[in-house]
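These notes concern the structure reproduced below.
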Amino acid sequence: MIRTALPADLDAIAALHSRARATYYRDRIPEDAYAGEDELARSREGWSHAVARSDGSEGTRTGGAGRAAGETGGVLCAEQDGELTGVAAFRTVAGETTLTQLHVDPAHWRRGTGAALHAACLERWRRAGVPRVRLEVYEHNLRAQAFYAAHGWRPDPLAPRAGSHHVLWLTVGE
């Protein structure tokens, strides 16, 4: 089941985020940059802002709790048997929509969770009239790069990199 994230989900979201990031950051960056209690608290704080921005009205441009005027967003959770198995977050600022996060718990890889979250995001973007979406994917996260390529994301021909990340775009079809 895919649903809108709730404040009560924050601990589970932050923990899932940490587990997923550990799979592609391990042995590439210092562990304290993606793991440990301080990083978990920082991650939870970031997700709390994203969930506050997400009120289910992605087409609204009036601001609200946790967001600036003109900023909208959404956080979607994948859930199976009461367990959080994936999470996706996106936001639109100044007319540009970005998929900021899409994580599946490693214990649930290759079961369709990522595809279901992606499809739910696409549906939200279509309903809001979003023409295209941007994302950045870590250069060493080859699993994610393959996933995005299979779902139609293409490299940005003008700015293909942002530091250690590849920049991709998706044209949102009808």
Quiz item: So between THR98 and ASP156, what do we pick up on full extension, going 0.36 nm a residue minus the alpha carbon distance?
Solution: 19.6 nm
Quiz item: Between THR4 and ARG132, how many nm apart are label points set 7 Å from Cα along the C-beta direction?
Solution: 2.9
Practice problem: Sticking with the crude label model, points 7 Å out along Cα→Cβ, report the distance from ALA146 to ASP38 in nm, one decimal please. | Solution: 3.5
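Given the Cα-Cα distance of GLU79 and ARG19 and 0.36 nm per residue of separation, how much length would full extension add, in nm?
Working: separation 60, 0.36 × 60 = 21.60 nm, distance 1.62 nm.
Result for the pair: 20.0 nm of gain on full extension.
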Practice problem: Determine the sum of side-chain charges near TRP109: Lys and Arg each +1, Asp and Glu each -1, restricted to other residues whose C-beta is under 12 angstrom from that of TRP109. | Solution: +3
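Taking the mean number of other Cβ atoms within 10 Å as a proxy for protection, how do you rank 127-137, 13-23, 156-166 from highest to lowest?
Working: 127-137: 16.1, 13-23: 19.3, 156-166: 11.5.
Result, highest mean Cβ count within 10 Å first: 13-23, 127-137, 156-166.
Count the net charge of all other residues whose Cβ sits under 15 Å from the Cβ of PRO157, scoring Lys and Arg as +1 and Asp and Glu as -1. Don't skip to the answer; put the middle values down first.
On the way: positive: ARG132, ARG134, ARG154, ARG161; negative: ASP156.
Charge balance in the 15 Å sphere: +3.
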Practice problem: Can you tell me the dipole magnitude for the range 113-174 around its Cα centre, using point charges on the Cβ only (Lys, Arg +1; Asp, Glu -1), in Debye to the nearest 20? | Solution: 120
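For the range 125-174, what mean projected area does the convex hull of the alpha carbons give, in nm²? If you can, show how the numbers build up before the last one.
Values: hull surface 14.5 nm².
Convex hull of Cα atoms, orientation-averaged projection: 3.6 nm².
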Quiz prompt | Residues of the range 108-147 with amide N under 13 Å of a point placed 7 Å along Cα→Cβ from THR171 | solution = 131-133
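The numbers here are math on the coordinates, done by the rules we state, and not lab data. Bear in mind the structure is a predicted one, so any value in this text is a computation, not a measurement. Here the Cβ is made from the backbone with ideal geometry for all residues, glycine too, and neighbour counts use every protein chain on show.
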